[in-house]
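Worksheet: one structure, shown below.
The values are calculated or read from the model by the stated rules, or taken from the named source; none is laboratory data. This one's a predicted model, so the numbers in the text were calculated from it and none came from an experiment. Note that we place each Cβ from the backbone using ideal geometry, even for glycine, and neighbour counts take in every protein chain shown.
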Amino acid sequence: MNSSALILMLLANLLVVGVTGYFFWRVLTTAPPDAVDEDEANFPRGG
Amino acid sequence: MSSKESWGSRVGLVLAMAGNAVGLGNFLRFPAQAINNGGGAFIIPYLVCFLLMGLPLLFVEWSMGRFGGTHGDHSTPFILNSMAPKKQKLWKYVGVFGIFTNLAVAAYYCYLESWTLSYMWHSISGSFQGQTREQVGNFFNEYVALGSSEPIVFWILCLALNTWILSRGLSGGVEMASKIGMPLLIIFGIFLAVRGVTLTAGEAGAINDGTVGLNFLWTPKFESIWDFKVWLAAAGQIFFTLSVGMGSIQCYASYLRSRDDVALNAMSAGWMNEFVEVCLGGAILIPIAVGYLGIEQVQQMVAGGSGFGLGFQTLPFLFQQWGPVLAALAGVAWFGLLFFAGITSSLAMGTPVMGFLQDEFGWKRQASAWTFGLMVFVLGLPTVLFYNYGVFGEYDYWAGTVSLVVFAMLEIILFAWIFGMDKGWAEITRGADIRVPVIFKFIIKYVTPVILISVFLGSLVSSGGIIDTIANKAIHAQIAAAQAASDAATVERLNTQLLYINGSRLLLVAVFATIAWLVYRAQLRRGLAGKK
């Protein structure tokens, strides 16, 4: 591969893999909001 | 899906949303668009458009959906209605796009999906073994010409599977399918990417190394960055790859609780789509195709902006060069990942339709799921029976292209300018598990609408754009050429095609009008019930 193609490909792939992995890791490790939520009383689902 | 539905897990939600976005285009359209628009340099306008248009629209649609869900609304007519001032009653009819698009796209998309199922079967059963490239290519032509009942059988099977999954509800159906389908899609994609990239010239009939194809795809033509058409192509690709402007994201997000995060979820799902598109989509089709066919041929085959022909009519032949076992595995992996990409998208198309029927007319989940299946069957029949008359293409153009852009343009105006960016920003950031850069407040209000309006105007007036398409300019030119050549058979065929094309447009308009009438009826019912 020529160097510009290789650099662009590696940069793009590393960027996308890195950012995707980071945000998915955050999804996996972020605690859910409290089960009992005063907002449920104010904004009950179902209108 | 009723208001009692909810997502079973956050991972399930993100996978379902990513699945909604990931479709056949990630593997078939992106590589072709990149090749035709600057090669490796395409990634620059592509990522810029992702940041300035894709992500903002994701934030907007996720938060609109959650907002609507807290009011008991799970489809866009009344989600938009709840965001607009009481006097602006027409926004609910703008929301009709969010049901129409899903129904009309599902009508032809499920047929497309059934092809991948059929090709998986043919890969396992060795149908392509010993066939020439022309025979493999003709297999597709004969398939869509309905030479046998097989296409119909697979289509009905596919519809039934979609409907059955939808009837199981959000967590028991859609989420479960995504938790199975998305990981398998990624595993299959990695397998094929490794196989493609490691192709060696001289082995198994390959004429080029896999890296030649990668080189072809990624070699940058930086001068293309100054070409407005390249930016338009990048914006278009980002638009379609994220499945924004359809109304399905709002529906999925409407089953969140009011304090559930949308920002991190939207980021994760959006970037997951980019991983599938850039990393996997960029490493399968082109390396394998160039490995066997050479650069020039592949360039010609993707000149139209899509790798569809390569994906269905050429790749099955190329896989045969790897021996029967690996060919079967590769065929199952390739068409399997296309199938999972397809079904996770078509399931997302079903949920807004079901949500509307359940919310507004009190239908039960099962009844609304099977009704969706029936509607898709009826609406899809013309695309199946008259595929070669251009009906499929018409549905794809109006519902799968124009409709999306129009709706996205209007919804962001509602969100940023009528609902108001202050309230909108509060919606995006409420419960957020990440800090959303405040620059997005400016981008959503000023930059994204300008990009969307530019995309819309570009597609309106460009050569072969909306105005030309309404006037059937291309076909009339072909008819004139055939008449000049005294080719009566071609003139007759084209006139027949024109009839089917105009007929399918009328049908789509009728569907839109019917949904608008149902929204009107729903509003009357709400009035009687004392709801907005």
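Of everything in region B:24-40, what is on the phi > 0 side of the Ramachandran plot and buried (at least 23 other Cβ atoms within 10 Å of the Cβ)? Give them in sequence order.
Within region B:24-40, just B:38 meets the criteria.
Would you point out which residue out of B:474, B:522, B:480 is within 14 Å of another protein chain (Cβ to nearest Cβ), surrounded by 12 or more Cβ atoms within 10 Å (Cβ to Cβ) and of a type outside the set (Lys, Arg)?
Of the residues listed, the single one that is within 14 Å of another protein chain (Cβ to nearest Cβ), surrounded by 12 or more Cβ atoms within 10 Å (Cβ to Cβ) and of a type outside the set (Lys, Arg) is B:522.
Pick out the one residue from B:21, B:32 that is more than 10 Å from every other protein chain (Cβ to nearest Cβ) and within 25 Å of residue B:350 (Cα to Cα).
Residue meeting the stated conditions: B:21.
Residue under question is residue B:188, and the condition is that it be modelled with pLDDT under 95 and under 21 Å from residue B:329 (Cβ atoms); does it hold?
no
Give me the residue from region B:232-259 that is within 14 Å of chain A (Cβ to nearest Cβ) and surrounded by fewer than 24 Cβ atoms within 10 Å (Cβ to Cβ) and, out of that set, farthest from residue B:427 (Cα to Cα).
B:257
For region B:124-134, check the following and say yes or no: at least one residue is surrounded by fewer than 24 Cβ atoms within 10 Å (Cβ to Cβ), at pLDDT 90 or above and either assigned to a helix (DSSP H, G or I) or among the charged types (D, E, K, R) (or both).
Within region B:124-134, one or more residues are surrounded by fewer than 24 Cβ atoms within 10 Å (Cβ to Cβ), at pLDDT 90 or above and either assigned to a helix (DSSP H, G or I) or among the charged types (D, E, K, R) (or both).
For the subset of region B:369-391 comprising residues that are in contact (Cβ under 8 Å) with a residue 40 or more places away in the chain and of a type in the set (Ser, Thr, Tyr), which member is nearest to residue B:182 (Cα to Cα)?
Applying the filter and picking the extreme gives B:383.
I need the full set of residues from region B:1-23 which are at pLDDT 90 or above and surrounded by 23 or more Cβ atoms within 10 Å (Cβ to Cβ), in order please.
Scanning region B:1-23 gives B:13, B:14, B:15, B:16, B:17, B:18, B:19, B:20, B:21, B:22, B:23.
Answer yes or no: is there a residue in region B:495-509 that is under 33 Å from the mean Cα position of the chain (by Cα), surrounded by 16 or more Cβ atoms within 10 Å (Cβ to Cβ) and under 30 Å from residue B:82 (Cβ atoms).
yes
Does region B:242-290 hold any residues that are part of a loop (DSSP other than H, G, I, E, B) and not charged (D, E, K, R), and which are they?
Listed by number, the residues that qualify are B:243, B:244, B:245, B:246, B:247, B:254, B:255, B:256, B:258, B:262, B:284.
So how many residues does region B:38-79 have that are closer than 30 Å to residue B:222 by Cβ and of a type in the set (Asp, Glu)?
Going through region B:38-79 one residue at a time, the tally reaches 0.
Given (1) away from every other protein chain (no Cβ under 12 Å); (2) under 19 Å from the mean Cα position of the chain (by Cα); (3) among the hydrophobic types (A, V, I, L, M, F, W, C), where does residue B:91 come up short, assuming only one miss?
Single failed check for residue B:91: (2).
May I ask you to list the residues in region B:185-205 that are buried (at least 21 other Cβ atoms within 10 Å of the Cβ) and over 20 Å from residue B:120 (Cβ atoms)?
Listed by number, the list holds a single entry, B:199.
Conditions (1) of a type in the set (Lys, Arg); (2) more than 14 Å from every other protein chain (Cβ to nearest Cβ); (3) part of a helix (DSSP H, G or I), marked per residue:
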| position | (1), (2), (3) |
| --- | --- |
| B:384 | no, yes, yes |
| B:398 | no, yes, yes |
| B:407 | no, yes, yes |
| B:423 | yes, yes, yes |
| B:427 | no, no, yes |
| B:431 | no, no, no |
| B:467 | no, yes, yes |
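Determine which single condition residue B:158 fails, assuming it passes every other condition in (1) within 14 Å of chain A (Cβ to nearest Cβ); (2) part of a helix (DSSP H, G or I); (3) of a type in the set (A, V, I, L, M, F, W, C).
(1)
Which one is farthest from the chain's Cα centre (by Cα), of the residues in region B:66-78 that are away from every other protein chain (no Cβ under 12 Å) and not small (Gly, Ala, Ser)?
B:77
Is region B:40-57 home to any residue that is in contact with a Gly (Cβ under 7 Å, 6 or more places away or on another chain) and within 28 Å of residue B:447 (Cβ to Cβ)?
yes
Are there any pairs, at least 6 apart or on different chains, whose C-beta atoms fall under 7 Å, with the first in region A:7-26 and facing chain B (nearest Cβ under 8 Å) and the second among the polar types (S, T, N, Q) and buried (at least 21 other Cβ atoms within 10 Å of the Cβ), and if so, which?
Pairs that qualify, where the first residue is facing chain B (nearest Cβ under 8 Å) and the partner is among the polar types (S, T, N, Q) and buried (at least 21 other Cβ atoms within 10 Å of the Cβ), are A:23/B:268; A:24/B:268.
Which condition breaks for residue B:44 when tested against (1) surrounded by fewer than 22 Cβ atoms within 10 Å (Cβ to Cβ); (2) more than 11 Å from chain A (Cβ to nearest Cβ); (3) in a helix (DSSP H, G or I)?
(2)
Mind listing just one residue for me: the one in region B:368-389 that is modelled with pLDDT under 95 and of a type in the set (Phe, Trp, Tyr) and, of those, surrounded by the most Cβ atoms within 10 Å (Cβ to Cβ)?
By that ranking, first place goes to B:389.
List pairs: first in region B:238-263 and more than 22 Å from residue B:52 (Cβ to Cβ), second part of a loop (DSSP other than H, G, I, E, B) and acidic (Asp, Glu), Cβ under 6 Å, 6+ apart or cross-chain?
Filtered contacts from region B:238-263: B:255/B:5; B:259/A:37; B:261/B:433.
Sort out which residues of region B:46-57 are within 17 Å of the chain's Cα centre (by Cα) and within 13 Å of residue B:424 (Cα to Cα), and write them in order of number.
B:57
Can you work out which of the residues in region B:90-104 that are hydrophobic (A, V, I, L, M, F, W, C) and within 13 Å of residue B:351 (Cβ to Cβ) is surrounded by the fewest Cβ atoms within 10 Å (Cβ to Cβ)?
For region B:90-104, the residue satisfying everything is B:103.
Consider only pairs whose beta carbons are under 7 Å apart and that are at least six residues apart or on different chains; among these, list those whose first residue lies in region B:423-443 and is basic (Lys, Arg) and whose second residue is surrounded by 19 or more Cβ atoms within 10 Å (Cβ to Cβ) and modelled with pLDDT under 95.
Close Cβ pairs (under 7 Å, with a partner that is surrounded by 19 or more Cβ atoms within 10 Å (Cβ to Cβ) and modelled with pLDDT under 95) do not exist here.
Could you tell me whether any residue of region B:96-112 is assigned to a loop (DSSP other than H, G, I, E, B), closer than 29 Å to residue B:232 by Cβ and hydrophobic (A, V, I, L, M, F, W, C)?
The answer is yes; a qualifying residue exists.
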